[in-house]
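Worksheet for the structure shown next.
Values in this text are rule-based calculations from the coordinates and carry no lab data. Everything numeric in this text was worked out from a predicted model, so none of it was measured. Neighbour counts run over all protein chains shown; Cβ positions are idealised from the backbone, glycine included.
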Amino acid sequence: MKKNYIYTALIAAVVTSGLSFTSCSKDDDTNDDNNGGKQITDQNVVKDDASALSLVNGVYSHWQPLSSSFSFIIELNSNKLTSFEGEENEAGPVNSRFEQEPTTWYQIKVFNHLLLGIVQDNEAITTVTNSLKAGKVTQAGYNAAVGKAKFLRGLAYLKLVQLWGEVPVFTEEGGSTTERKSIDEVFNQIVSDFTSAESLLKDYDGDPRVPSKQAAQGLLARAYLVWGDNPLSQEEVAAIANTQTDPAFTTTPSRLEKAVEYADKVINSKRLALDPEYHKLWGREYESNKRHTNEHLFTIAHDGDEYDAQGNHQNHCSWTFPFQNGENGQGYSQNHTEVSDDDLYEDWFKEYPNDKRLAKTYFTNLENPEDGKTYHYLSPVYTPVNGKGVDQSYDNSVNLEITHNSVDRIEIRYAEVLLIKAEALVQLGRNSEAKEPFNQLRQRAGIETVDAPTFEQIKREWDYEFTYEQFSALNSYRWKDLISSVKKVKNYKHFADDWASKQTYTSDQKAFFQKIHNHLVAKYNNVRGKHYRQPIPTGLSGESLHIVQNPGY
């Protein structure tokens, strides 16, 4: 996986100072105006609405490099994915084996770019506010720019609190960049940002690349569901850090009610809908709502490596040189990420063989459009391939997308809003009310509907609908079943020490499945309570960020 460093002047200034971000609080001002803010000068305003929006759009330079990197933390830290990216001591395998440290690259990359994006959001909010006061931008221009900045800041804090727990909170009003705030304080900031974005942004108009009122509402629903499931505090993680015991699952009903409320706002707007064809949600020809079905609610745009900060390698990493593998292949190329075991496909197939989502999520065979041969991906040939990482939207796409890396990353789609509502209702004990949003997903998938979904059915539906869409570890954190879910790998066919004696393997196949076996055993042995959090990493240049470390690291 290519590591693309985004060293702009902003990053250079911030990183070399040990993440000493500047703030725009009154205490730091030397030239205050009569309103208590910074004195408005030509240097801290933008000239018009277009340049105000352009200033905020610069924040995407911190989001684009993370599109695939989220998978290397969220999916590898689960029972569903293993990594073949480089040597065993490199970032991908380290995450796959639950051996991440503060110096692990993907943790460094995600944490720092999210914080740097917040820095840029804060500066943009201040500058555009000054521009409004100076009469350089209109109210509409201010709403579009500041609404987007607060939307992206709220999303960054939501990612940070889910992965790292208590984190520093700093805005254009000030705040510390090293002092960790309580979980509730972080979520209060998230809610504040998304609520402001909701009031400032326009309604969803069919373009998911543009943050909208409904996108803010959908992410508020997500935030309240996460918050309603009572994220662990630093002290609670410390109590289980070195054990293989999951904590108790508890909820705060008032927050779950808010999740339902905001999901309903999206639903009742009538601006979003499920695409009738699940398999057409991924690919360049279907991104940015080209099908006009309005399921993609917010996406991160990608135009390929040569055009944006970093192309979306989520595709590239799951599907590198596919036709070198399989029974017709010329070798056994080990992709950057692999499905952890055949059982993930086979267990789903036994339960719902006709689920339309199964064939898109796990490829077990595929015809090569160049040679007309069919390549199979099941032991002992290979493990299934993550189909959601393959652009199937046009002829020969499985070969072309390897080099383009230009498919947008979907952050939230309408299906998630429906499932958030269903889950919150079930957690509130209102199971029969949950059937309507829940069954919409199952009807599209072509499987049986239910009168009152159970919590276990809700959990399984997240897997059916969203496998490999960067939810696995985050959902386990919410449900407090990280350890028990990871330890399911003990039942996978390649976990057993005698797996090789049960099948005839070529030397290449045996080497491939030996790595699968080693990672499954490592997952089982290594997962601990501390993994409910990621380690606080170093800065991009290896310097200390002076933030208190998470328990167990």
Whether the range 402-524 is rounded, prolate or oblate, judged on the alpha carbon gyration tensor where a/c under 1.5 counts as rounded: prolate
Add +1 for every Lys or Arg and -1 for every Asp or Glu among the other residues with Cβ under 10 Å from the Cβ of residue 201, and state the total. +2
Could you work out how far apart the two model spin labels at residue 290 and residue 436 are, taking each label as a point 7 Å from the Cα in the direction of the beta carbon, and quote it in nm? 3.5
Describe numerically, in nm with one decimal, the distance between label points set 7 Å from Cα along Cα→Cβ at residue 251 and at residue 525. 3.9
If r is the Cβ-Cβ distance from residue 378 to residue 39 and R0 is 51 Å, what FRET efficiency results, to the nearest 0.05? 0.15
Determine the shape class of the range 137-269: with a ≥ b ≥ c the square roots of the Cα gyration tensor eigenvalues, call it rounded for a/c under 1.5, and otherwise prolate if a/b is greater than b/c, oblate otherwise. oblate
Partner lysines for residue 487 [C-alpha distance under 20 Å; skip if fewer than 8 residues away on the same chain]: 80, 459, 515, 523, 530
Highest average packing first - 95-105, 152-162, 215-225, 44-54, Cβ atoms within 10 Å: 215-225, 152-162, 95-105, 44-54
Nitroxide proxy distance, nm - points 7 Å out along Cα→Cβ at residue 273 and residue 443: 1.2
Expected unfolding gain across residue 350-residue 207 under the 0.36 nm per residue rule, minus the alpha-carbon gap, is 47.7 nm
Given the peptides 514-527, 417-430, arrange them by the average over their residues of other C-beta atoms within 10 Å, most packed first. 417-430, 514-527
Please give the peptides 252-258, 204-210, 409-415 ranked by average Cβ packing (other Cβ atoms within 10 Å per residue), highest first, as a rough proxy for protection. 409-415, 204-210, 252-258
Any aspartates and glutamates whose Cα falls less than 16 Å from that of residue 350, other than same-chain ones fewer than 8 residues away, would be 341, 342, 448, 461, 463
When each pair of different Cα atoms in the range 63-189 is counted once in the 1/r mean, what is the Kirkwood radius in angstroms, to one decimal? 16.3
Under 16 Å Cα-Cα from residue 270, which lysines qualify once same-chain neighbours fewer than 8 residues away are excluded? 202, 213, 421
Taking amide hydrogens as modeled 1.01 Å from N in the peptide plane, which residues meet the under 5 Å criterion relative to residue 362, leaving out close sequence neighbours? 387
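Give me the percent relative contact order of the range 9-243, please, defined on Cα pairs under 8 angstrom at least 6 residues apart.
So the answer I get is 19 percent.
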At 0.36 nm per residue, minus the direct Cα-Cα distance, what do residue 491 and residue 195 gain on full extension? Give it in nm, one decimal, please. 102.1 nm
Using only the alpha-carbon atoms of the range 9-243, report the extent along each of the three principal axes, biggest first, to the nearest angstrom. 57, 42, 34
Taking R0 as 25 Å, what's the FRET efficiency between residue 233 and residue 88 from their Cβ-Cβ distance, rounded to 0.05? 0.15
